[in-house]
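Some notes on the structure that comes next.
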Amino acid sequence: MELLVASAIGVLTAGGIYLTLRLRTFPVILGVSLLTYAVNVFLFTSGRLTVGAPPILQDGVDVYADPLPQALVLTAIVISFGMTAVVVMIGLGAFLGSDDDHVDDLPGEQSQTNESASESTS
């Protein structure tokens, strides 16, 4: 079970880093979301991977699941969902404002390249 979860965390992290390094806005947003999910799964598994163990302390129980990482992950999921919605709206506004979704373009860069091209042809 630990190997499966560790592999899933690795795949999520690798996919998130790959998408974060893309030049378009939407893949970057998806990459950051995948990295967030990888961290959430990592935090969730830090509370022990036990099947059938009670989540609270009881008399006579030696192995229990720690509820603190579960609460932290639930809070992180809510916060990351809200932040993803905000970033999607910012990216959509940037796309509608410039008709381009490249993350490395500066607002005045297009006009400067057009002016230099027209000066070189004259």
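The values are calculated or read from the model by the stated rules, or taken from the named source; none is laboratory data. Predicted model only: the values in this text are computed from it and were never measured. A quick note on method: Cβ atoms are made from the backbone with ideal geometry, for glycine too, and the neighbour counts reach across all protein chains shown.
Just to check your reading of the model, which residue among THR75, THR121, THR84 is among the hydroxyl-bearing types (Ser, Thr, Tyr), over 26 Å from LEU23 (Cβ atoms) and at pLDDT 80 or above?
THR75
In region 20-62, which residue that is over 11 Å from the mean Cα position of the chain (by Cα), under 30 Å from LEU92 (Cα atoms) and not polar (S, T, N, Q) is modelled with the highest pLDDT? Write out each step before concluding.
We begin by selecting, within region 20-62, every residue over 11 Å from the mean Cα position of the chain (by Cα); these are 21-26, 41-62.
Retained after the next criterion (residues that are under 30 Å from LEU92 (Cα atoms)): 21-26, 41.
Filter again for not polar (S, T, N, Q), leaving 21-24, 26, 41.
Numbers: LEU21: 93, ARG22: 90, LEU23: 87, ARG24: 88, PHE26: 90, VAL41: 90.
Looking at residues that are over 11 Å from the mean Cα position of the chain (by Cα), under 30 Å from LEU92 (Cα atoms) and not polar (S, T, N, Q), I get LEU21.
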